[in-house]
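Participant: Encoded as structure tokens, here's the structure I'll be asking about.
The values are calculated or read from the model by the stated rules, or taken from the named source; none is laboratory data. Only a predicted model underlies this, so the values are computations on that prediction, with no experimental measurement involved. Because the Cβ atoms are built from the backbone with ideal geometry, glycine has one as well, and the counts that use them run over all protein chains shown.
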Amino acid sequence: MEQLRTQFPADDFSLLALVLLLPLVGAFVCGVFGKRLGKEGVRTMALSAVGGSFVLCLAAFAMLTSAGGAHGAGHGGGGHAVTRFTWTAWRWFTIDGGTSTVPIDVAFSVDPLSGVMMLVVTGVGFLIHLYSSEYMSKDPGYYRFFAYLNLFVFSMLVLILGDNLAVLFVGWEGVGLCSYLLIGFWFGEDRKASAGKKAFITNRIGDFGLLVAMAMLVYYAGTLRFSTLETSQSALSQMRTVWPIPGLELPSWLIPAQPIRASVPTLVALALFVGCMGKSAQLPLYVWLPDAMAGPTPVSALIHAATMVTAGIYLVARTSFLFVLSPFAMAVVAGTGALTALFAASIAFAQTDLKKVLAYSTVSQLGYMFVGVGSGAFAAGFFHVLTHAFFKGCLFLCAGSVIHAMHHVIHDEEGSQDMRNMGGLRKHMPITHATFLISCLAIAGCPMTSGFFSKDEVLFKAFSSQIAATQPGLWVAPAWYGQAIYALGVLGAVCTAFYMFRAYFLTFWGDFRGWTIVKGHVAHHGDDEHAHGEGPREGAAPHESPWQMTLPLAVLAFFALFGGLVYAEPLHLTALERFWHPVFASASTHVVERAGAHAMMWPLLGVGATVFAVGAGGAYYVYAQQGGKPAEAFVAAAPSLHRIVRDKWRVDEFYEATVLGFIDAMGDTAVAIDKWLIDGVIARLTAAVTQLFGAGLRLLQTGRVQVYAAGMVLGVAGLGWFILTPHAEAEIDSSKLRSSGDVTFTAAPGHGYSYRWAEGEAAQSGDFTAAATFSTKLERCQTKQVRLEVRNVFGGTTETSFTTCREMGNDCCTAKPAAGDATARPQTPLQAPARAPMGGTP
Amino acid sequence: MTIPIHYFLVLAAALFATGAVGFLLRRNLLVLLMSIELMLNAVNLTLVAFNRLHPQNHGGQVLAFFVIAIAAAEAAVGLAIVLAYFRLRGTVRSDEATALKH
């Protein structure tokens with residue numbers, strides 16, 4: 001440990017470089033050489049990359065805990081600094097902020113919060129890599145899969161370990177890219193490819209919010225570093241007018257009597273939260289996550305349950321010091337979370353696809369996490385991220401195991417995810433069954449499991465906490481707001497317990513229904529190695545998965561069961577809370593506990609246990625004891641309600657009609673403009689003009705040599721005429737006309753030209769000379785006429801005259817119509833130039 | 001007594017004009033070639049006339065020889081074209097030679 005500490009000092013913690021580099025190298029090797037390496041090689045490379053990264057993370061974490069201990073960690077001290085190991089790679093760029101130049105470094109740091117998260121990412125990531133090595137073993141895109149998966153781990157680590165928002169944003173986009181690549185992993189199917197696009201585009205909307213937040217932070221705070229931002233909060237406590245926008249002309253009915261003002265933290269926090277909404281699938285941007293289940297199941301477990309989707313919660317927790325400055329933003333976070341939790345739970349009731357149930361459950365649980373961080377319970381909310389990573393990762397992997405087994409039996413992708421085809425699997429898949437049950441208990445909130453501690457801590461904090469205003473004039477959530485959030489959360493928890501156990505009973509209890517339902521697909525796969533012949537089959541029952549798949553299940557289930565003990569407030573086990581305390585210390589000062597709330601802790605725990613009992617018991621009654629009859633009766637009683645819930649409240653259709661419809665309409669308009677205006681009018685007009693000229697010029701193109709020769713003769717004759725006649729033109733330099741009245745005329749040169757200058761209208765006299773320039777001087781407001789006569793080498797002459805006036809700013813020249821308002825300009829010859837006849841001797 | 005230069009020039013101009021008009025107006029390709037020769041010889045005449053005026057390095061006469069050489073080559077190529085054209089179309093009328101149009 002000492003050796004490690006001298007090797008990697010806290011301010012140059014290059015261990016992080018290794019942590020990051022391993023998955024990146026893994027991704028590179030798998031992606032570029034994967035085809036030649038073969039499956040064995042790819043598996044070794046990918047697993048060792050993430051595994052090695054995990055071991056290094058463990059080392060970093062151990063250093064972090066021991067360093068934290070050395071600081072003398074005490075609970076509630078609030079004074080001691082956060083233990084943070086930083087590694088700055090290089091100066092990325094500098095950008096002009098509102099008041100100063102802001103340098104942006106490629107820097108990484110690890111503190112208790114990111115330390116725990118990086119352990120989850122690499123640890124759960126490793127387990128899922130192990131699982132995938134078996135799950136994907138028959139896929140031709142094996143190497144591609146692991147390249148993406150390793151790249152994802154790298155991007156996620158960049159996101160977590162980024163020392164400033166810009167680096168975090170790189171990781172944020174990186175995980176979005178990997179998510180897109182992995183959702184559309186089987187891009188041959190249109191549905192899956194478009195699911196990937198949907199996820200990516202929906203995330204872009206959120207990412208825009210994140211960019212805006214970064215721009216505002218650069219402008220107002222002059223930094224993007226988290227640690228610097230935390231200490232420069234005072235720079236942010238200004239009020240800004242957001243409507244009407246200053247300097248924007250608006251119709252009067254849009255201007256309110258009182259300008260709407262908001263504090264800078266509110267604006268920044270709300271913009272950040274838009275980013276979180278996209279990445280963490282909150283209302284109204286949650287729609288991509290259920291569709292993301294089109295990807296391989298391990299991807300759903302790793303990216304769309306355990307790690308990436310929690311990036312939003314991580315971001316809020318990371319910038320907690322900013323969020324607490326704005327009670328309004330916190331209320332928005334908590335409210336959105338609570339609504340999402342309940343809304344997504346309601347949809348999960350009517351889903352028949354096992355992965356879809358889990359997907360909506362994920363959206364719902366993410367809602368709980370936002371309730372936690374939005375209520376000021378950053379530690380509790382982030383603890384739910386941790387436990388959720390375990391039990392939801394485990395649930396998804398169980399689902400993958402079930403689908404794997406189902407697929408061997410019925411050879412139909414849709415059908416092997418449909419819970420109506422499952423049933424009775426506990427006899428065939430004992431390990432999967434046991435781990436699914438444990439995770440199900442955890443997510444439903446069975447007392448003493450990890451989910452119980454985290455969820456009830458979140459709900460208790462939502463009930464008991466309030467965000468205090470940091471400065472006068474800020475909006476503060478009313479007293480009932482916390483209770484309302486709590487009520488929504490409890491309702492959602494009942495739903496969670498019910499639909500999770502519904503999935504459990506449908507999948508594992510009763511009799512296996514898979515043989516009778518999907519008959520048509522058997523004949524099609526007749527020559528498969530798992531052929532079953534015709535009709536209802538015997539034997540070839542679904543079987544348990546190999547150890548590479550069950551081991552991760554067991555490990556995750558273990559943590560789902562006992563992981564709660566690191567932060568079980570009712571049992572006074574608060575190791576994790578103490579560990580994280582320095583990170584959230586400055587934020588927690590603004591979170592006050594409602595008077596008398598602490599006494600409510602045990603009654604509310606009772607409520608939590610009751611919620612579990614009601615939900616799980618209800619599911620047991622409906623789906624295990626009665627075999628689903630009450631549910632069928634309910635569907636028969638309210639068919640339209642069932643239909644609309646099954647259709648996910650038709651939100652996708654609503655978006656289709658409004659947002660997409662609007663964009664499509666714009667597209668259609670653009671197409672119409674292109675078709676009718678650009679192609680129809682402009683292009684045709686151009687073509688018509690060209691054709692007209694073409695038709696005219698074609699007449700000249702007779703193909704007869706003599707006509708062309710005639711043209712040549714005419715051209716030469718014209719040129720000759722131009723050369724033989726003299727041209728009297730001159731440039732007038734009137735730059736000094738205003739100041740001194742001097743004007744200089746310079747005649748244009750020509751072959752053998754000689755000149756004769758004269759003033760006024762008097763008759764010409766004297767000889768032609770070689771003097772090409774002529775100067776004269778004007779009095780104020782005087783108008784003068786200068787005449788120039790030119791003679792060429794053949795003796796031909798011509799003449800022109802110029803009228804000049806010295807304007808003094810009192811418009812004395814305008815009275816003379818010939819001069820106009822210009823100070824000097826050449827006049828057209830007063831009379832037609834007199835040309836001498838051609839001829840003479842050389 | 002020497003002949004003044006503009007005698008030569010006027011004669012050359014007349015020859016050139018004859019050639020040019022002939023080239024533009026006649027329809028027989030052989031006559032066109034002859035008209036070209038006429039114009040070239042008019043130019044040759046001006047060149048040697050000016051050489052008389054400026055005899056320092058006989059640039060005019062040298063140039064005239066060049067023109068004669070080029071005229072010979074031109075006549076050879078031109079006659080070959082006319083011959084080929086006649087074999088192809090059976091005529092030497094220039095107004096029927098409109099293939100360039102296309």
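Participant: Hey, B:PRO55 hits all of (1) surrounded by fewer than 18 Cβ atoms within 10 Å (Cβ to Cβ); (2) away from chain A (no Cβ under 14 Å); (3) part of a helix (DSSP H, G or I); (4) not acidic (Asp, Glu) but one; which does it fall short on?
Facilitator: That leaves (3) as the condition not met.
Participant: Can you confirm whether the stretch B:80-97 contains a residue that is of a type outside the set (Ser, Thr, Tyr), outside any helix (DSSP H, G or I), crowded, with 16+ Cβ neighbours inside 10 Å and more than 10 Å from every other protein chain (Cβ to nearest Cβ)? Reasoning before the result, please.
Facilitator: Of the residues in the stretch B:80-97, the ones of a type outside the set (Ser, Thr, Tyr) are B:80-84, B:86-90, B:92-93, B:95-97.
Still in the list and also outside any helix (DSSP H, G or I): B:90, B:92-93, B:97.
Within this subset, residues satisfying the condition of being crowded, with 16+ Cβ neighbours inside 10 Å are B:92, B:97.
This time we only want the ones that are more than 10 Å from every other protein chain (Cβ to nearest Cβ), so: B:92.
Yes, the conditions are met somewhere in the stretch B:80-97.
Participant: Could we say that B:THR2 is farther than 21 Å from A:TYR708 by Cα, touching a Lys or Arg at 6+ places or on another chain (Cβ under 9 Å) and either away from every other protein chain (no Cβ under 11 Å) or free of Cβ contacts under 8 Å to residues at least 40 places away in the same chain (or both) here? Step through it out loud before you land on a result.
Facilitator: Numbers: farther than 21 Å from A:TYR708 by Cα: yes; touching a Lys or Arg at 6+ places or on another chain (Cβ under 9 Å): yes; either away from every other protein chain (no Cβ under 11 Å) or free of Cβ contacts under 8 Å to residues at least 40 places away in the same chain (or both): yes.
For B:THR2, the condition - farther than 21 Å from A:TYR708 by Cα, touching a Lys or Arg at 6+ places or on another chain (Cβ under 9 Å) and either away from every other protein chain (no Cβ under 11 Å) or free of Cβ contacts under 8 Å to residues at least 40 places away in the same chain (or both) - is met.
Participant: Among the residues that make up the stretch A:580-596, is at least one of them in the same structural domain as A:ILE205 (by TED's automatic domain parsing), crowded, with 17+ Cβ neighbours inside 10 Å, outside any helix (DSSP H, G or I) and in contact (Cβ under 8 Å) with a residue 24 or more places away in the chain?
Facilitator: If we filter the stretch A:580-596 for residues that are in the same structural domain as A:ILE205 (by TED's automatic domain parsing), which is where we start, we get A:580-596.
Now restrict to residues that are crowded, with 17+ Cβ neighbours inside 10 Å: A:580-585, A:587-588, A:590-591.
Now restrict to residues that are outside any helix (DSSP H, G or I): A:590-591.
If we keep only those that are in contact (Cβ under 8 Å) with a residue 24 or more places away in the chain too, we end up with A:590-591.
Within the stretch A:580-596 (the criterion being in the same structural domain as A:ILE205 (by TED's automatic domain parsing), crowded, with 17+ Cβ neighbours inside 10 Å, outside any helix (DSSP H, G or I) and in contact (Cβ under 8 Å) with a residue 24 or more places away in the chain), the answer is yes, since at least one residue qualifies.
Participant: Ok, one more. Yes or no: the stretch A:350-358 includes at least one residue that is closer than 17 Å to A:GLY312 by Cβ and modelled with pLDDT of 90 or more.
Facilitator: If we filter the stretch A:350-358 for residues that are closer than 17 Å to A:GLY312 by Cβ, which is where we start, we get none.
Looking for residues that are closer than 17 Å to A:GLY312 by Cβ and modelled with pLDDT of 90 or more, one finds none in the stretch A:350-358, hence no.
Participant: A follow-up question, please. Looking at (1) within 14 Å of another protein chain (Cβ to nearest Cβ); (2) at positive phi, which is the one condition that is false for A:LYS648?
Facilitator: Against the list (1) within 14 Å of another protein chain (Cβ to nearest Cβ); (2) at positive phi, A:LYS648 comes up short only on (1).
Participant: Give me the residue from the stretch A:683-733 that is at pLDDT 90 or above and among the β-branched types (Val, Ile, Thr) and, out of that set, nearest to the chain's Cα centre (by Cα).
Facilitator: Applying the filter and picking the extreme gives A:THR686.
Participant: Within the stretch A:707-726, can one find any residue that is part of a strand (DSSP E or B) and in contact with a strand residue (DSSP E or B) (Cβ under 7 Å, 6 or more places away or on another chain)?
Facilitator: In the first step, residues of the stretch A:707-726 are kept if they are part of a strand (DSSP E or B); the result is none.
No, because not a single residue in the stretch A:707-726 is part of a strand (DSSP E or B) and in contact with a strand residue (DSSP E or B) (Cβ under 7 Å, 6 or more places away or on another chain).
Participant: Would a scan of the stretch A:749-766 turn up a residue that is away from every other protein chain (no Cβ under 14 Å), surrounded by 14 or more Cβ atoms within 10 Å (Cβ to Cβ) and among the hydrophobic types (A, V, I, L, M, F, W, C)? Steps first, please.
Facilitator: Initially, the stretch A:749-766 is screened for residues away from every other protein chain (no Cβ under 14 Å), giving A:749-766.
Among the residues that remain, those that are also surrounded by 14 or more Cβ atoms within 10 Å (Cβ to Cβ) are: A:750, A:753-758.
The next check asks that each one be among the hydrophobic types (A, V, I, L, M, F, W, C); those that pass are A:757-758.
Yes.
Participant: On to the next question. Which of the numbered conditions does A:THR725 fail, given that it passes all the others? Conditions: (1) free of Cβ contacts under 8 Å to residues at least 12 places away in the same chain; (2) within 30 Å of B:LEU24 (Cβ to Cβ).
Facilitator: Every listed condition holds for A:THR725 apart from (1).
Participant: Take the residues in the stretch B:30-42 that are more than 8 Å from the chain's Cα centre (by Cα) and under 19 Å from A:VAL713 (Cα atoms), then tell me which one is surrounded by the fewest Cβ atoms within 10 Å (Cβ to Cβ).
Facilitator: B:VAL31
Participant: Tell me which residues, restricted to the stretch A:696-706, are within 14 Å of another protein chain (Cβ to nearest Cβ) and either part of a helix (DSSP H, G or I) or under 16 Å from A:PRO749 (Cβ atoms) (or both).
Facilitator: Within the stretch A:696-706, the subset within 14 Å of another protein chain (Cβ to nearest Cβ) is A:697-706.
Selection gives A:LEU697, A:ARG698, A:LEU699, A:LEU700, A:VAL705, A:GLN706.
Participant: Okay, moving on. Please determine whether any residue of the stretch A:31-46 is touching a Cys at 6+ places or on another chain (Cβ under 8 Å), at pLDDT below 90, aliphatic (A, V, I, L, M) and assigned by TED's automatic domain parsing to the domain that holds A:LEU157. So that I can check it myself, show each step before the final result.
Facilitator: Taking the stretch A:31-46 and keeping what is touching a Cys at 6+ places or on another chain (Cβ under 8 Å), we get A:37, A:42, A:45-46.
If we keep only those that are at pLDDT below 90 as well, we get A:37.
Those left that are additionally aliphatic (A, V, I, L, M): A:37.
This time we only want the ones that are assigned by TED's automatic domain parsing to the domain that holds A:LEU157, so: A:37.
Yes.
Participant: Check A:GLY526, A:GLY510, A:GLY473 and return the single one that is closer than 30 Å to A:GLN238 by Cα and modelled with pLDDT under 85. Spell out the reasoning first.
Facilitator: Numbers: A:GLY526 fails: closer than 30 Å to A:GLN238 by Cα; A:GLY510 fails: closer than 30 Å to A:GLN238 by Cα.
Going through A:GLY526, A:GLY510, A:GLY473 in turn, the sole match is A:GLY473.
Participant: Within the stretch A:734-748, can you find the residues that are at pLDDT 85 or above and either exposed (fewer than 12 other Cβ atoms within 10 Å of the Cβ) or not polar (S, T, N, Q) (or both)?
Facilitator: In the first step, residues of the stretch A:734-748 are kept if they are at pLDDT 85 or above; the result is A:742-748.
Passing the criteria: A:ASP742, A:VAL743, A:PHE745, A:ALA747, A:ALA748.
Participant: If you go through the stretch A:627-647 one residue at a time, do you hit one that is acidic (Asp, Glu) and part of a helix (DSSP H, G or I)? Reasoning before the result, please.
Facilitator: So in the stretch A:627-647, the residues acidic (Asp, Glu) come out as A:632, A:647.
Those left that are additionally part of a helix (DSSP H, G or I): A:632.
Taking every residue of the stretch A:627-647 in turn, at least one turns out to be acidic (Asp, Glu) and part of a helix (DSSP H, G or I).
Participant: Would you mind telling me which numbered condition in (1) over 35 Å from the mean Cα position of the chain (by Cα); (2) at pLDDT 85 or above; (3) surrounded by 13 or more Cβ atoms within 10 Å (Cβ to Cβ) A:PRO603 fails?
Facilitator: In the conditions (1) over 35 Å from the mean Cα position of the chain (by Cα); (2) at pLDDT 85 or above; (3) surrounded by 13 or more Cβ atoms within 10 Å (Cβ to Cβ), A:PRO603 misses (3) alone.
Participant: Condition check: outside any loop (DSSP other than H, G, I, E, B) and among the β-branched types (Val, Ile, Thr). Does A:THR669 satisfy that? Step through it out loud before you land on a result.
Facilitator: On the way: outside any loop (DSSP other than H, G, I, E, B): yes; among the β-branched types (Val, Ile, Thr): yes.
Yes: the conditions hold for A:THR669.
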